[in-house]
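Novice: Once you've had a glance at the structure underneath, I'll fire off some questions.
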Amino acid sequence: MKREVLFYCTSCGHESKKWIGQCPGCGAWNSFAEQPRPPRSRAGTDLRPRAALVPVSEAAVSPAARAATGIDGVDRVLGDGLVAGSLVLLAGEPGIGKSTLFLQVAAAMARPGAPAVYVTGEESAQQVALRARRTGSVGPDVLLLAETSCEAVLEQLRTISCALVVVDSIQTMVVDELDAVAGSVAQVRQVAARFQAWAKTGGVPVVLVGHVTKEGTIAGPKLLEHLVDVVLSLEGEPGHDLRLLRAAKNRFGTVAELALFAMGEHGLEGVLNPSAWLLEDRQAGAPGSAVAVALEGTAPLLVEVQALVAPSALGTPRRVAQGFEGSRLSLLLAVLERHAGLALADRDVYVNLVGGIALSEPALDLAVAAALVSSASDRPLPADLAVFGEIGLLGEVRGVSRAAERVREAAALGFRRVAVAGRDAAAQLVLPAEPIRRVSDLGRLVSREGA
Ligand code: TYD
Ligand code: MG
C-alpha cells in the first residue's frame, strides 16, 4: 500500500497535501516539512470507552475530583489543584524554571503508595537528582524515569498506581512506530494523544512540559493548546528572579489567577506578598518614579514604574519600554505631547516596570504618564502616593475596574493617598483620592514641592 505523505507547518501544524512556501495558517515562510501521516487507528486513543447519548438534564454535574499539589500558587492558578485524569501543558522559555517547579510539585504530591513519576527525556536521572537535592524535592516516593520512548514510559506506568506524572519534555518524547524525529509536529501530537488517553483511563493527572521560544519555531505548545485541558505558562525576564505562573487556558476553572515565585538557591519559592516584594528597593521621592496599582489575576498588585526622559543624540529618539507594551507607550507619549504640553520630540524615553514583571493593563497608563511627567520636569511625585487609571486619546483619564480593592491594597502597603480618575475619586475610597480628570492635571502632582 502506498503510504500517504502530508506536509505540515512546523510552526502551527497546518496541514496541506502539497508543499507551500507560506503557511496559510500562521503566515510563516518555508515552514512546511514533509511528514508521514500519523497511524490512524492504532493510537492509544482506541483505549477510550465508547460514549453513550445522555440527556443534558441527566448528565453528571458533580465537581471534578481534584488533588492539591501542595504548592499554594500552583493550586490557585489551577483552581484548587489538579483534576484527576486531566492533561496539563506547562509552557515556557528554556531555562525559566519549568523543570524546577514541577519537580517541586512532584515532591509535594508524592505519598507512600501514591508516588509521583517524573519522566525525564531531556536531562539524565543524575542531573534531575542533583536538582532534587538542591530544592529539597527528595523522598522515596518521587520516581524518576529517564526515557524518551512513549511506549516504554506507558509500559512502566501500567505497573504502578501513581498520583501524578510529569513528562519533561514533550519535545524529547517519541512514539517509536512513527517515522519522524522527536519534536516534530507528528511526534508531538501522537505523544500528547497517548498520554491523554492514558490520563483519562487511569484518572491520573499528566503534566507535559513544553518549550516555547520567542520565535515559536519549535513544534509544541501552540500545537497542543486545543488538545490539553489546561495550559499553564511560566514567564519571567532574563536576569530577574521573579517568575509568573498563569493559566492561558483552563477547562476546570478561571484563567484570571496568577502566582508569583522567586527563583532562589533552593528552587522556586512562592512570593507571599507580591506588592511588598516588588516595592522593596524603591527609591521613594526620586523624579521619574511612580507606584501603580495594577490588577493581575484577581489580586491588586503594586508595582513601581520608572521613567527616564533625556535629551536625544539621535535623529530618531529612542523609545524603550520594559514590562510595558511599546505601542501603548507611543500612544501615551503622543497624548502627553498633545494634551499636557510635554515636548518629547527630541527626547529619548525609557519606561521600566521594576522587578522584571511584565503587565498589560490599561490602569497602568496613569502611573506611566505620571512617571514621565515627573522625569521630564525633574520633580518627584509624593512618596506616599499610588496611582491608577486609564488614559484616552483625548487626554481624558478614565475609571478602571475594582477601584476600591486597589485602594485597599495601596493602604495596606502604607500609601496614604491615591491619584485616580474622577469617577474613581468620587467613589467612597479608603484613602484621600486626588481626582485626575485630564493628563494636564498630572502637573499638579509634581508641582507641590514636599507635599
Ligand atoms: P530549569 O528548571 O532547568 O528551567 P527549564 O526547565 O524551564 O528549562 O531552571 C533552570 C534555571 O534555574 C537555571 O538557570 C538555574 C536556575 N536555578 C536556580 O536559580 N535555583 C535552583 O534551585 C534551581 C534548581 C535552578
Ligand atoms: Mg527543563
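Novice: For the range 149-183, give me each residue that is open to solvent by 10 Å² or more (accessible area, probe 1.4 Å) and within 21 Å of ALA91 (Cβ to Cβ).
Specialist: GLN171, THR172, VAL174, VAL181, ALA182, GLY183
Novice: ALA116: within 21 Å of PRO94 (Cβ to Cβ) and not hydroxyl-bearing (Ser, Thr, Tyr), yes or no? So that I can check it myself, show each step before the final result.
Specialist: Working: within 21 Å of PRO94 (Cβ to Cβ): no; not hydroxyl-bearing (Ser, Thr, Tyr): yes.
Considered against the rule, which asks whether it is within 21 Å of PRO94 (Cβ to Cβ) and not hydroxyl-bearing (Ser, Thr, Tyr), ALA116 comes out as no.
Novice: Take the range 132-168 and flag every residue that is within 12 Å of ligand 1 (Cβ to nearest atom), of a type outside the set (A, V, I, L, M) and free of Cβ contacts under 8 Å to residues at least 60 places away in the same chain. Walk me through it before giving the result.
Specialist: The first filter runs over the range 132-168 and keeps only residues within 12 Å of ligand 1 (Cβ to nearest atom), leaving 132-137, 166, 168.
When the remaining residues are screened for being of a type outside the set (A, V, I, L, M), the result is 133-137, 168.
Hit for the range 132-168 is ARG133, nothing else.
Novice: Scan the range 88-128 residue by residue and report those that are part of a helix (DSSP H, G or I) and surrounded by fewer than 18 Cβ atoms within 10 Å (Cβ to Cβ).
Specialist: Matches in the range 88-128: ALA125, GLN126, GLN127.
Novice: I need the full set of residues from the range 169-184 which are more than 17 Å from VAL207 (Cβ to Cβ) and touching a residue at least 12 places away in the same chain (Cβ under 8 Å), in order please.
Specialist: VAL174, VAL175, ASP176, GLU177, LEU178, ASP179, ALA180, ALA182, GLY183, SER184
Novice: Are any of the residues in the range 145-160 under 23 Å from VAL74 (Cα atoms) and either outside any helix (DSSP H, G or I) or in contact with a strand residue (DSSP E or B) (Cβ under 6 Å, 6 or more places away or on another chain) (or both)?
Specialist: no
Novice: Moving on. If we keep just the residues of the range 253-273 that are modelled with pLDDT under 90 and crowded, with 17+ Cβ neighbours inside 10 Å, which is nearest to ligand 2 (Cβ to nearest atom)?
Specialist: It comes out as LEU258.
Novice: Exactly one of (1) open to solvent by less than 30 Å² (accessible area, probe 1.4 Å); (2) away from ligand 2 (no atom under 16 Å from the Cβ); (3) in contact with a strand residue (DSSP E or B) (Cβ under 8 Å, 6 or more places away or on another chain) is unmet by ALA64. Its number?
Specialist: With (1) open to solvent by less than 30 Å² (accessible area, probe 1.4 Å); (2) away from ligand 2 (no atom under 16 Å from the Cβ); (3) in contact with a strand residue (DSSP E or B) (Cβ under 8 Å, 6 or more places away or on another chain) applied to ALA64, the lone miss is (1).
Novice: Further question on the same structure: For GLY85, indicate whether it is part of a loop (DSSP other than H, G, I, E, B) and either away from ligand 2 (no atom under 16 Å from the Cβ) or buried (at least 21 other Cβ atoms within 10 Å of the Cβ) (or both).
Specialist: Answer is yes for this residue.
Novice: Filtering the range 367-402 down to residues that are of a type in the set (S, T, N, Q) and open to solvent by 10 Å² or more (accessible area, probe 1.4 Å), which residue is farthest from ALA310 (Cα to Cα)?
Specialist: SER401
The values are calculated or read from the model by the stated rules, or taken from the named source; none is laboratory data. Every value quoted in this text rests on a predicted model; they were computed, and no experiment measured them. Neighbour counts are summed over all protein chains in view; Cβ atoms, including those assigned to glycine, are modelled from backbone coordinates with ideal geometry. Side chains included, ligands, DNA and RNA excluded: accessible areas come from the protein's heavy atoms. Shrake-Rupley method; radii C 1.70, N 1.55, O 1.52, S 1.80 Å.
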